[in-house]
Amino acid sequence: MSSASRPKSEAARPILLYLIVAAAGHLAWEVAQSPLYTIWWTGTKREIVFAVVHCTGGDLLITASALAIAALFARAGRWPVFGGRTALTAILLGLGYTVFSERLNTQIRQSWSYMEAMPVLPPFGIGLTPFLQWLIVPGIAFGYVWHNVTPVVIPRR
């Protein structure tokens, strides 16, 4: 059976795998970077767990939204649906949203704050670790999918 004639449910496999790997990566990243936020030092255990779960859920929502928008661009631009341009677009969308969200929440709303140990990127005023998270975690997730899933071509209409 050619890849073009596979059922569309098979086309969902790389997407689901991408989201699972990204979710695991975001969870690990959130736990690892938590000591760089004040909540780690001032919050209760319950507040810290809630923050990690909440942030990981938000990361997954951003990941899925960025991938969906990138896939729309891929279809319109006639790119491979799960190709390099789609990955780059999804990563840049997630990174762009993160820069916006970190600035909004640390500088305007002051919903959370960094410890002095958090390296800050001068042009954006945001923490280095959340910035790197949106380069590294999606990059690893895309790489994992590309190396472990047979490409699926969805026929164009």
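Which one, I48, T98, T129, is farthest towards the positive end of the dipole of the chain when Lys and Arg carry +1 and Asp and Glu -1 on their Cβ?
T98
Counting only residues 5 or more places away or on other chains, whose amide H sits under 5 Å from the amide H of I126 once H atoms are built in the peptide plane?
L121
Given a 1.4 angstrom probe, I'd like the percentage of the accessible area of region 1-154 that is carbon and sulfur, rounded to a whole number.
Solvent-exposed carbon and sulfur of region 1-154 make up 70 percent of the total.
If each residue of separation counts as 0.36 nm, what is the full-extension length gain between L128 and V31 once their alpha-carbon separation is subtracted?
Contour length minus the Cα-Cα distance gives 33.4 nm.
Once label points are set 7 Å from the Cα along Cα→Cβ at both R46 and L92, what is their separation, rounded to one decimal in nm?
According to this spin-label approximation, the distance is 4.5 nm.
For a label point 7 angstrom out from the Cα of T38 toward its Cβ, which stretches of region 112-137 have the backbone nitrogen within less than 13 Å?
Under cut-off, by backbone N: 112-117.
Of F50, F131, which has the most accessible area and how do the rest follow, probe 1.4 Å?
F50, F131
Taking 0.36 nm per intervening residue step and subtracting the Cα-Cα distance, what contour gain separates A76 from I108 on full extension?
On the way: separation 32, 0.36 × 32 = 11.52 nm, distance 3.60 nm.
Taking 0.36 nm per residue and subtracting the Cα distance, the gain is 7.9 nm.
For region 68-77, in order, what is each residue's ³J(HN,Hα) by Karplus, 6.51 cos²θ - 1.76 cosθ + 1.60 with θ = phi - 60°, in whole Hz (x at glycine and Pro)?
4, 5, 4, 5, 5, 4, 4, 5, 5, x
For region 108-122, just list the computed ³J(HN,Hα) in residue order, Karplus coefficients 6.51, -1.76 and 1.60, θ = phi - 60°, integers in Hz, with x standing in for Gly and Pro.
Once θ is set to phi - 60°, the couplings for region 108-122 become 9, 6, 6, 6, 8, 9, 8, 7, 4, 6, 6, x, 10, 7, x Hz.
If each DSSP helix of 4+ residues adds -39,500 (n - 2.57) and the sum is divided by the residues in the chain, what number results at 222 nm, nearest 500 deg cm²/dmol?
Calculated from helices alone, the mean residue ellipticity at 222 nm is -23000 deg cm²/dmol.
With the chain treated as a Gaussian network of Cα nodes joined by springs under 10 Å, which of G43, G25, G96 yields the largest mean-square fluctuation?
Of G43, G25, G96, the most mobile in the Gaussian network model is G43.
Which parts of region 33-64 would a label at I136 reach, counting a residue when its backbone N lies under 14 Å from a point 7 Å out along Cα-to-Cβ?
Label zone hits: 33-36.
The values are calculated or read from the model by the stated rules, or taken from the named source; none is laboratory data. In this text, all values refer to a predicted model and were calculated from it rather than measured experimentally. Positions of Cβ are backbone-derived with ideal geometry, glycine not excepted, and every protein chain shown enters the neighbour counts. Please note that ligands, DNA and RNA were not included when accessible areas were found on the heavy atoms of the full protein model with its side chains. Shrake-Rupley method; radii C 1.70, N 1.55, O 1.52, S 1.80 Å.
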